[in-house]
Amino acid sequence: MAYINQKARFATEGFRMKRLNPDGTIPLATRFLGFAGTVDLTGVIDGVDDDADLTIKIDNAAAETKSVDFTAALVKTAVTVAEAQTALTTAAFTGITWSADATTGRIKGVAASGVEIAVTGPLAAALDFGQGVLHGGNGLEFLKCFDDRTMSIGMTKNKKDKEEIDQEGAKGTPTRMVISAKLLGQTLAIALKDKDYELLELIQGGTFNRTTGQYDPPLSTRQEAPRFMIDVFSPVYSAGENHIENVSGYEQIKFRNCIGLEGDVPVEAKAWANYAFDIEASEYTTEAGVKQTAWCENTLTVAAFEALNVETV
């Protein structure tokens, strides 16, 4: 059959998420964006050699780390897109070409093959991959919560209620116009069993020091929040009695355009902490300007799910 239908979901396998490109589009191996204009790299490059390491991982392949040399950049506090393009091209990452994006003017990477992309490290964040200039982080990371770390994912549809507009004649005869309800997105409430500071930084921004382990949340003066996407995977089963191993397939729900904050995490007596995130998923616009829904969902065969390698991509 072409698709899996009439199955029941039981619990969840987990989820993965990554930040969007700085222009609000989903980063893929075929198009991942960094900064526009100029960028200050003095905080990340070696003051002696004017270089820094960058790590790129495509799909399930091994991560590739190269030293990127910015010696040729004239002003290290204002490195241009052209200078970054030269430095990244010289670093010679396998199968990746660099240019200035024609639409946004941002530094753009394109891989010769693959679907998913990760560009990580302090240099990646400084080059604005994963919205690192405005919101910090470790670049364009793909973070995962599998292995039964997820407790629950609440999904509440945001709706604009239907409207009924009436008009009455002199004798009370009604004329009614009904405007149907509309879907506006979803509100997610994610609960985890453990504290993940890298995930917290990805979702709400702030600063996580990966050397000392200290995390500082964003200031109240912040005007924008990081945007990210989420893939949720859950097993589905046939009707009747099932063993948990008898998976018929997997449901995938992709939320394309999200913002979020950490929920309340009280310190309670004789109780495990519940680490919660409150997330809003809204409609998404592609790089071509095409409006898409806030989420899409589909079913995968067991083989198709396993081929995604969700825990290692």
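Of the strands (runs of 3 or more DSSP E) that lie entirely inside the stretch 150-247, those containing 1 or more residues that are of a type outside the set (Val, Ile, Thr) and surrounded by fewer than 16 Cβ atoms within 10 Å (Cβ to Cβ) span 150-160, 163-168, 174-179, 182-192.
Of all residues in the stretch 107-142, those satisfying the criterion of being in contact with a Ser or Thr (Cβ under 6 Å, 6 or more places away or on another chain) and more than 21 Å from residue 95 (Cα to Cα) are 136, 138.
For the stretch 6-23, taking the residues that are of a type in the set (Lys, Arg) and outside any loop (DSSP other than H, G, I, E, B), the one that is nearest to residue 225 (Cα to Cα) is identified as 19.
For the stretch 144-178, a tally of residues being farther than 24 Å from residue 281 by Cα and touching a residue at least 40 places away in the same chain (Cβ under 8 Å) returns 1.
Among the residues of the stretch 243-292, those that are closer than 20 Å to residue 160 by Cβ, touching a residue at least 60 places away in the same chain (Cβ under 8 Å) and β-branched (Val, Ile, Thr) comprise 279, 285.
Looking at the stretch 150-160, can you tell me whether even one residue there is within 13 Å of residue 16 (Cβ to Cβ) and assigned by TED's automatic domain parsing to the domain that holds residue 208? Yes, the stretch 150-160 has at least one match. For the residues 228, 233, the requirement of being touching a residue at least 60 places away in the same chain (Cβ under 8 Å) and more than 18 Å from residue 151 (Cβ to Cβ) singles out 228. A residue that is free of Cβ contacts under 8 Å to residues at least 12 places away in the same chain and either crowded, with 16+ Cβ neighbours inside 10 Å or of a type outside the set (S, T, N, Q) (or both) can be found somewhere in the stretch 126-138. Residue count for the stretch 24-81 satisfying the condition of being part of a loop (DSSP other than H, G, I, E, B), surrounded by 17 or more Cβ atoms within 10 Å (Cβ to Cβ) and of a type in the set (D, E, K, R): 2.
Within the stretch 266-297, the set of residues being among the aromatic types (Phe, Trp, Tyr), part of a strand (DSSP E or B) and out of contact with any Phe, Trp or Tyr (no Cβ under 7 Å at 6 or more places or on another chain) comprises 275, 277, 284.
The values are calculated or read from the model by the stated rules, or taken from the named source; none is laboratory data. What you see is a predicted model; the values in this text were computed from it and never measured. Counting neighbours? That spans all protein chains shown, and the Cβs are built from the backbone with ideal geometry, glycine included.
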